[in-house]
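Contents: one structure, followed by commentary.
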Amino acid sequence: MRHLLGLLSCVLLISSTVLSQAPKTSSPADIYHSIEKLNFLGTALYIAAHPDDENTRLISYLSNNVKARTGYLSLTRGDGGQNLIGTELRELLGVLRTQELLAARRVDGGEQLFTRANDFGYSKHPKETLEIWNKEAILGDVVRAIRKFKPDIIINRFDHRTPGSTHGHHTSSAMLSVEAFDLANDTNAYPEQLSATNPWQPKRLFFNTSWWFYGSEENFKKADKTNLLQMDVGVYYPMLGKSNNEIASLASSQHLCQGFGRLTTRGSENEYIELLKGDLPNDKSNIFDGIDTSWSRVKGGKEVGDILYKVENDFNFKDPTVHLPELAKAYGLIQKISDTHWKNRKTQELVAIMTAIMGLHLEATTKTPSSTPGETVSIDLEALNRSAFKVILKSVNINEEKVSTTPIPLHNNNAYKNGVNFNIPTKTSFTSPYWLLEKGDLGIYKVKDKELIGLPETPRAFTVNFTIELAGETIPISRPVRYKYARPDKGELYQPFEILPQATAKFKDKVLIFADAAPKRIPVTIKAHKDSIKGSIALTFGAGWQIDKSQQEFFIAKKDDEQTVYFTLTPPATENESFITPILKLNGQEIKKELVTIAYDHIPTQTVLLPSEAKVVRLNIEKAGENIGYIMGAGDEVPTSLAQIGYNVQLIDPASITAESLSKYDAVVMGIRAYNVVDELEFKQRFILEYVKNGGTVIVQYNTASRWRDQFEKIAPYELTISRDRVTNENSEVKIIATNHSLVNFPNKITTDDFNGWVQERGLYFPNEWSPEFTPILEMSDQGEKSTKGSLLIAPYGKGNYIYTGLSFFRELPVGVPGAYKLFSNLLSVGKDKVVSKEKIKG
């Protein structure tokens, strides 16, 4: 949600999606806090690489204690991470994590910025990172962010001087920041940006250090702290009723898909920042020391300050409306300021304060969550002044279209309501994240409209502009058109109003595996986004594939209804990889999009339009066994993938696990990070190991040892130590070292060719120590590193087999990597070669 009332996004108001979308309300304490920030003309920018990298303690401290405008520049949207709460990965995970960042900023009072960098996965060195990102382009994005945000202070989360010691994205974010610090004021650097912004020179650049970067607390105590500033970020805010570290804990807990929900902390807590560039403050307790942060820094600002400082000093908490004449006068003076940066910023803040004081409720809502170009939508307008102060509604426009030009007095608590029919222009763009509109590269998203670069979201298609008159001043105020509705179990709810195509189509499965030459009946679901749509649908497909019908007609009477049509697809006789795409033809238009909805309680509902396609793979694959039990962990699509090759996959409720309940399965698979996130496994582990002992096969996919419970020190029947070892280059050489083991021979012969076409990584969190009962199957490494043998381990236990793997099957199977399917089939078939041999003998 755009921060139309950004200054008033107080931590006291945030608890759920309902509040993140609903109109803001403010107490006198909130308003006073906003006036303090209005009177501070200093800006700070925090820079790191990913969502959840940011130090919310420091961002909140700068925003709420120092009162500075504070931003967080995250170079990526976290697209390469994992997801602990759902199945969204890659681009969709980036959309989710973007919204979690915005939720965090609504809590700590900061603002959110981005570059076009794509989080392509873990990187071990900034050299690799900057090559994949396209250093010059992302450096330009950082320069652009500095020029637009105009920070006096920049703080890096990571140390630019230690390449190779941590995630390459982390170090790269700091390196780019250090370089951009000087380039932002150089007119010869990225001159094409200067048509929309101006050169800017920040005053100081810091590194947010701590004892961790010194190796130990003892080393840090001994270190020379001449260039360090220390801040106690545990300060308590009586006006807000919370301490800074309580706010910070709430903010970082918004990163739920990364498992960052945490306990709240209270009490004194120190943060340290090391000066990298600029002058060291004389007063080391004041990061802005020596920088004019008063209204006097702006030409024409002294008169404004004379008014607003008086309002702050004499603030009337019982009746803040007494300040409206002075605030209106200050508004008029701000409009005369020639510095457009400060004029626009402080106008936005001051308008938010005045509307909060009056309880001025301005709203534009629809009764439908979406519409299509060319349609007419009903918009309900409401304007309500909840004060005795005289306010006149002079006009109402939707974008540039006039709705009302007759002045209407807004009397105390008497609402102005009006319903209008608005014709959506036929050329209106569809709603979707702007960085996903075109297919990007591995390291960078493509953004055609350069003015969008850095924005957290695509600007809303339609806004309603209310123009009011207050104490002789004419003040325009914008609100986005939103969808408002109610649910019996949640009450009043708001979500963004979206513009969609007339219809979209999607496949049930994004990857279709043909294990033999038999044809498959492929369902394609068409969803209507308006009433009475009629058209045809056809499929595009690659050479060697055959389809039974060239096209099919469809008709859907009601909006939001769906119709499923079926095509029969016949694969080639030999192994092949291709894609199929549905093409909808309606009223002379071709639509090749699918609609994805991302809905969680802690973020506003997101709609994403993506190219609709499915990967089709003809495999010569064999399997043994039929019934697979799957214990879901953090969330993945592996069960669906296994069903594609003919397995009967049943999701197991961990609470129902007994020795008897597991005995019906040919193999049991633990989903990714199951031991990190499934509490019941504390009590069910003994049954899982008993199942193996009695002849079963258990496959445990990767877990993170640093985030599991003490009781899972032994997740395996023998000693097994999980490390942070990983192989991040998906093209790294793989050696099969247990060449005679059935795991790479039955029922499919696995060769090094089966590791071609992998995506993002080979694997992660490999064991680095194990007991001799385990047999390592593979050996691999990233360039220049020592080889690891911990990616795939197997050990007999009793009559069965226990397998641990850090290979990233959760990424490879959903995108249809053939070799990953063959190898996983072999894992599920362990021990079945003996059964097959006996059957052959009997035969």
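List of remarks:
- Annotation note: Cβ proximity below 6 Å between a residue of region 541-569 that is β-branched (Val, Ile, Thr) and a residue that is surrounded by 12 or more Cβ atoms within 10 Å (Cβ to Cβ) and not in a strand (DSSP E or B) (sequence gap 6+ or interchain) occurs for ILE547/PHE541; THR568/PRO519; THR568/ASP548.
- Restricting region 389-412 to residues that are assigned to a loop (DSSP other than H, G, I, E, B) and touching a strand residue (DSSP E or B) at 6+ places or on another chain (Cβ under 7 Å), the residue that is nearest to ASP79 (Cα to Cα): ASN399
- Only residues that are part of a strand (DSSP E or B) and either of a type in the set (S, T, N, Q) or surrounded by fewer than 14 Cβ atoms within 10 Å (Cβ to Cβ) (or both) were counted in region 564-578, giving 6.
- Screening the candidates LYS394, LYS427 for the property of being touching a residue at least 60 places away in the same chain (Cβ under 8 Å) and among the basic types (Lys, Arg) yields one hit, LYS394.
- Whenever a residue of region 458-476 is surrounded by fewer than 21 Cβ atoms within 10 Å (Cβ to Cβ), its partners that are among the aromatic types (Phe, Trp, Tyr) and assigned to a strand (DSSP E or B), lying with C-beta atoms within less than 8 angstrom and at least six residues away or across chains, give the pairs PRO476/PHE466.
- Check on PRO199, touching a residue at least 60 places away in the same chain (Cβ under 8 Å) and part of a loop (DSSP other than H, G, I, E, B): no
- Identity of the residue in region 213-247, of a type in the set (Lys, Arg) and surrounded by 14 or more Cβ atoms within 10 Å (Cβ to Cβ), that ends up nearest to ASP279 (Cα to Cα): LYS225
- Qualifying residue in region 51-64 (condition: in a loop (DSSP other than H, G, I, E, B), in the same structural domain as LYS148 (by TED's automatic domain parsing) and closer than 18 Å to TYR445 by Cα): yes
- Residue match in region 504-511 (condition: among the small types (Gly, Ala, Ser) and within 30 Å of ASN344 (Cα to Cα)): no
- Residue identified as of a type in the set (Gly, Ala, Ser), in contact with a Gly (Cβ under 7 Å, 6 or more places away or on another chain) and closer than 30 Å to GLU492 by Cβ among SER387, SER296: SER387
- Condition check for LYS508: among the charged types (D, E, K, R), within 33 Å of the chain's Cα centre (by Cα) and more than 24 Å from VAL815 (Cβ to Cβ): no
- Of the residues making up region 632-675, those that are of a type in the set (Lys, Arg) and crowded, with 18+ Cβ neighbours inside 10 Å number 1.
- Of all positions in region 579-594, none carries a residue that is aromatic (Phe, Trp, Tyr), more than 27 Å from VAL817 (Cα to Cα) and either assigned by TED's automatic domain parsing to the domain that holds ILE85 or surrounded by fewer than 20 Cβ atoms within 10 Å (Cβ to Cβ) (or both).
- Complete set of residues in region 423-451 that are part of a loop (DSSP other than H, G, I, E, B) and either surrounded by 15 or more Cβ atoms within 10 Å (Cβ to Cβ) or hydrophobic (A, V, I, L, M, F, W, C) (or both): ILE424, THR428, PHE430, THR431, SER432, PRO433, LEU437, GLY440, LEU442, GLY443, TYR445, VAL447
- Boolean, GLN650 is under 30 Å from PRO519 (Cβ atoms) and out of contact with any His (no Cβ under 7 Å at 6 or more places or on another chain): yes
- Check on PRO604, surrounded by 16 or more Cβ atoms within 10 Å (Cβ to Cβ), over 27 Å from the mean Cα position of the chain (by Cα) and touching a residue at least 24 places away in the same chain (Cβ under 8 Å): no
- Region 413-422, residues that are of a type in the set (S, T, N, Q) and part of a loop (DSSP other than H, G, I, E, B): ASN413, ASN414
- Flag set for ASP560, criterion: farther than 30 Å from LEU642 by Cβ, acidic (Asp, Glu) and not in a strand (DSSP E or B).
- Of the residues making up region 268-294, those that are more than 21 Å from ASN227 (Cα to Cα), surrounded by 12 or more Cβ atoms within 10 Å (Cβ to Cβ) and either among the small types (Gly, Ala, Ser) or more than 37 Å from the chain's Cα centre (by Cα) (or both) number 1.
- Residue selected from region 535-561 under the condition loosely packed, with under 13 Cβ neighbours inside 10 Å and more than 25 Å from ASN620 (Cα to Cα), by the criterion nearest to the chain's Cα centre (by Cα): ASP561
- Strands (runs of 3 or more DSSP E) lying entirely in region 455-521 (those with 1 or more residues that are out of contact with any His (no Cβ under 8 Å at 6 or more places or on another chain) and hydroxyl-bearing (Ser, Thr, Tyr)): 463-470, 473-480, 482-487, 491-496
- All positions within region 286-313 that are under 23 Å from THR340 (Cβ atoms) and among the small types (Gly, Ala, Ser): SER294, SER296, GLY300, GLY301, GLY305
- Scanning region 321-365 for residues that are under 17 Å from PRO28 (Cβ atoms), crowded, with 20+ Cβ neighbours inside 10 Å and small (Gly, Ala, Ser) returns ALA352, ALA356.
- Residues satisfying the criterion are present in region 312-327 (criterion: free of Cβ contacts under 8 Å to residues at least 24 places away in the same chain, of a type in the set (A, V, I, L, M, F, W, C) and not in a loop (DSSP other than H, G, I, E, B)).
- Considering the conditions (1) under 40 Å from the mean Cα position of the chain (by Cα); (2) surrounded by fewer than 16 Cβ atoms within 10 Å (Cβ to Cβ), LEU308 is excluded by exactly one of them, (2).
- Taken over region 400-422, the residue count meeting the criterion of being surrounded by fewer than 10 Cβ atoms within 10 Å (Cβ to Cβ) and more than 37 Å from the chain's Cα centre (by Cα) is 1.
- Listed conditions (1) modelled with pLDDT of 95 or more; (2) crowded, with 17+ Cβ neighbours inside 10 Å; (3) farther than 16 Å from LYS822 by Cβ; (4) not acidic (Asp, Glu) are all met by THR728, apart from (1).
The values are calculated or read from the model by the stated rules, or taken from the named source; none is laboratory data. Quick caveat, the model's predicted, so the values are computed rather than measured. Cβ coordinates were reconstructed from backbone atoms using ideal geometry, including for glycine residues, and neighbour counts include every protein chain displayed.
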